[in-house]
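Encoded as structure tokens, the structure appears first; notes follow it.
The values are calculated or read from the model by the stated rules, or taken from the named source; none is laboratory data. In this text, all values refer to a predicted model and were calculated from it rather than measured experimentally. Here Cβ is always computed from backbone atoms with ideal geometry, including for glycine, and neighbour counts include all displayed protein chains.
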């Protein structure tokens, strides 16, 4: 499996993990914070798929830069979830590691385009 396919699978796996976790959020956060997190991860997955199928290296790079921005926004949403005690420390640590790994893979893909 190529690095590009791996990051798409990794993002999908994160989404699959998050969906049942987000359903457990307190009611007052479920329809705002939880929905925003789910939509953000879905947007990141969409951008990766678009980059994978794009034929232009410049377009791929632009999409991957957008991924980096969305990942940073996601990090803050996840951090807020932890601060509001919607997720426990163990889940926060796991999700943060996954997001950071996805970011590293995206950065590697972006660097490979510059080479």
(request) Please go through the range 66-115 and pick out each residue that is farther than 22 Å from residue 16 by Cβ, in contact (Cβ under 8 Å) with a residue 12 or more places away in the chain and not in a helix (DSSP H, G or I). (result) 84
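Quick check, is residue 29 farther than 18 Å from residue 15 by Cβ and loosely packed, with under 14 Cβ neighbours inside 10 Å?
no
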(request) Quickly run through the range 51-61 and pick out the residues that are in a helix (DSSP H, G or I) and exposed (fewer than 15 other Cβ atoms within 10 Å of the Cβ). (result) 53, 57, 58, 59
(request) Output the qualifying pairs, or none if there are none: Cβ atoms under 7 angstrom, residues six or more apart or on different chains, first residue in the range 17-39 and under 14 Å from residue 84 (Cα atoms), second residue part of a loop (DSSP other than H, G, I, E, B) and at pLDDT 95 or above. (result) 25/86; 26/86; 29/84; 29/86; 33/25; 33/86; 34/25
(request) Select, from 25, 17, the only residue that is more than 30 Å from residue 114 (Cα to Cα) and not in a helix (DSSP H, G or I). (result) 25
(request) Taking residue 44 as the residue in question, decide whether it is under 19 Å from residue 113 (Cβ atoms), touching a residue at least 12 places away in the same chain (Cβ under 8 Å) and surrounded by 19 or more Cβ atoms within 10 Å (Cβ to Cβ). (result) yes
